[in-house]
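The values are calculated or read from the model by the stated rules, or taken from the named source; none is laboratory data. Computed from a predicted structure; not experimentally measured. Glycine also receives a Cβ, built like all others from the backbone with ideal geometry; neighbour counts cover every protein chain displayed. Note: areas computed on protein heavy atoms with side chains; ligands, DNA, RNA excluded. Shrake-Rupley method; radii C 1.70, N 1.55, O 1.52, S 1.80 Å.
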Amino acid sequence: MTDSFMFAPEIERLDRPSLRALQLDRLKVTLARAYANVPHYRRAFAMAGVTPDDLTRLDDLRRFPFTVKTDLRDNYPFGLFAVPREQLVRLHASSGTTGKPTVVGYTKADIATWSGLMARSLAAAGVRPGDMVHNSYGYGLFTGGLGFHYGVEALGATVTPMSGGQTERQIALIQDFGATVLAATPSYALNLVEMAEQMGVDLANGPLRVGVFGAEPWSETMRAELDRRLGIKAADMYGLSEIMGPGVAIECSARVGLHGWEDAFLFEVVDPDTLEPVPMGEAGELVITTLAKEGLPMIRYRTRDITRLTDEPCTCGRSHVRILRVTGRNDDMLIIRGVNVYPSQIESVLVGFPGIAPHYQLVVSRQGSMDHLSVEAEAVENATEEARHLLAHQVRHHIKSMIGVSCEVLVRLPGELPRSQGKAVRVRDLRKG
């Protein structure tokens, strides 16, 4: 056993047959609610030739249609809600930078469910009642800030609702309040620790003990960097606003996959090309169906995240399936001269590379008929142009040998690349211009 503390032990340790039976009961209710109250689902079910009565076992779900992000935009703003708008107590929305925003809504019961799942997740990550949680996730239409906030309060810990930005002030408050937990995107956590080091503040030898990071892909090498420089044990949190927000899955202290809360969500992995389910343990696209949402039920939502599932027992004692670390998104995958490349693969090469700081950006452009990848990184210290040119050559060779893709590498001076105040923008795709 790695850690016996659980927020909801009767659910977290539920045996698998009982868990599957609970899922089936809740899935039947969810399908019936969506079919009765959401015109989009009635049409989609009819086109697939199914009704809620066709589901008698969990495997029958594969007969039902998928939901994708464009379905939310096509039904903007409230067309996918299963309750009257007056029954919603909160709305969140995406930025809408590529079109209409995706709008998600919560009933009072949904907020209670979400808060409980977040409290359960934080406890699994190592947060305890009484901890001081510094919350650097953005507050507002983004689900991260308020999702963590309510979860911390439900757990019985203390939250500092800082949001993003004002980095120097954040460092001062982490010190002054004696924060034991940092909640942030991994890129902003890196920004915090870098600024602290410039200010002469040693966060690694302070009271910080746990980091709960998510909202963007990050690598094991990035985790090791944050563990070392912050003096913490970093846990990966998974979630997406269309499904709930943060709190869909979380790493326990064993850090061997993220426990997906199966009493609230049903997880599938499908082949992204054929859309057929793949066996447990094989890689594919994660698909999630909500089982405990009133306001916005999601049926077989295609997350675009590439991962694997395992239902092998975990040393922490939790029975819920584990989502292995997301390697990338199939809509973020770059194909450079026939080679499939995920940004997280480049990150794994760069973070920890001697002389290279853990800040990078990938620039994709078209040169003639070929796609061209340029990797922009930063040197750890001020260096001559000749030294940075040599470092770029070494990085380029390492990327080629480890990933198999040829690219241009530019090593910038410290501070030249943009810093994240929330989600990092890792890819600039100039082809779309």
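Here the Karplus relation 6.51 cos²θ - 1.76 cosθ + 1.60, evaluated at θ = phi - 60°, turns the backbone of segment 173-189 into coupling constants of 6, 4, 5, 5, 8, x, 4, 9, 9, 10, 10, 6, 5, x, 5, 6, 4 Hz, with x for every Gly and Pro. Karplus-derived 3J(HN,Hα) values for segment 4-12, using 6.51 cos²θ - 1.76 cosθ + 1.60 with θ = phi - 60°, are 8, 6, 9, 6, 9, x, 5, 8, 5 Hz; glycine and proline are entered as x.
Cα gyration tensor of segment 391-433, axes a ≥ b ≥ c as square roots of the eigenvalues: rounded (a/c below 1.5), prolate (a/b > b/c) or oblate? Oblate. A convex hull fitted to the Cα coordinates of the chain yields 147 cubic angstrom per residue.
The packing ranking of peptides 55-62, 36-43, highest mean first, is 36-43, 55-62, where packing means the average number of other beta carbon atoms within 10 angstrom of each residue. With Cα atoms as the point set, segment 74-210 shows a radius of gyration and Dmax of 17.0, 54 Å. Extent along the principal axes, Cα only, for segment 345-408: 37, 23, 18 Å, with the longest axis given first.
Within the chain, DSSP assigns beta bridges of which about 65% are antiparallel (rounded to the nearest 5). With θ taken as phi - 60° and the Karplus curve 6.51 cos²θ - 1.76 cosθ + 1.60 applied, the whole-hertz 3J(HN,Hα) list for segment 132-144 is 9, 9, 8, 9, 9, 6, x, 8, x, 5, 5, 6, x Hz, x standing for glycine and proline. Compute the long axis of helix 16-37 from its Cα atoms, compare it with the longest principal axis of the Cα atoms of the chain, and write down the angle in degrees, 0 to 90, nearest 10. Computed tilt is about 80 degrees.
For Arg428, nonlocal amide neighbours, meaning residues 5 or more places apart or on other chains whose placed amide H falls under 5 Å from its own, are Leu362, Val363, Val364.
Summed over all non-identical Cα pairs, the Kirkwood treatment of segment 274-433 gives a radius of 18.3 Å. Rg and Dmax of segment 51-125, both derived from C-alpha coordinates alone, stand at 15.7, 41 Å. The relative contact order of segment 142-258 comes to 23 percent, based on Cα pairs under 8 Å that sit 6 or more residues apart.
Taking all protein chains together and a probe of 1.4 Å, list Glu386, Glu242 from the most accessible to the least accessible.
Listed by decreasing accessible area, they come as Glu386, Glu242.
Diagonalising the gyration tensor over the Cα atoms of segment 1-137 and scaling each eigenvalue by 5 before taking the square root yields semi-axes of 31, 24, 13 Å, largest first.
Straight Cα distances below 13 angstrom link Lys400 to the aspartates and glutamates Glu408, with same-chain residues fewer than 8 positions distant left out. Packing, taken as the mean count of other beta carbons within 10 Å per residue, orders the peptides 401-407, 349-355 from highest to lowest as 349-355, 401-407.
Out of residues 5 or more away from Val278 or on other chains, whose amide H comes under 5 Å of its own, with H placed 1.01 Å from N in the peptide plane? HN-HN under 5 Å from Val278: Val269, Val270, Asp271. Structural descriptor for the chain: relative contact order 14 percent, calculated from alpha carbon pairs under 8 angstrom and at least 6 residues apart. Residues whose amide H comes within less than 5 Å of that of Cys407, counting only those at least five positions distant or on another chain, are absent (H built at 1.01 Å from N in the peptide plane). Taking every pair of alpha-carbon atoms in segment 1-47, give the share separated by more than 17 Å as a whole percent. The proportion of pairs with Cα distances above 17 Å equals 56 percent. Listed peptides 68-78, 120-130 appear in the order 120-130, 68-78 once ranked by packing, highest mean of other Cβ atoms within 10 Å at the front.
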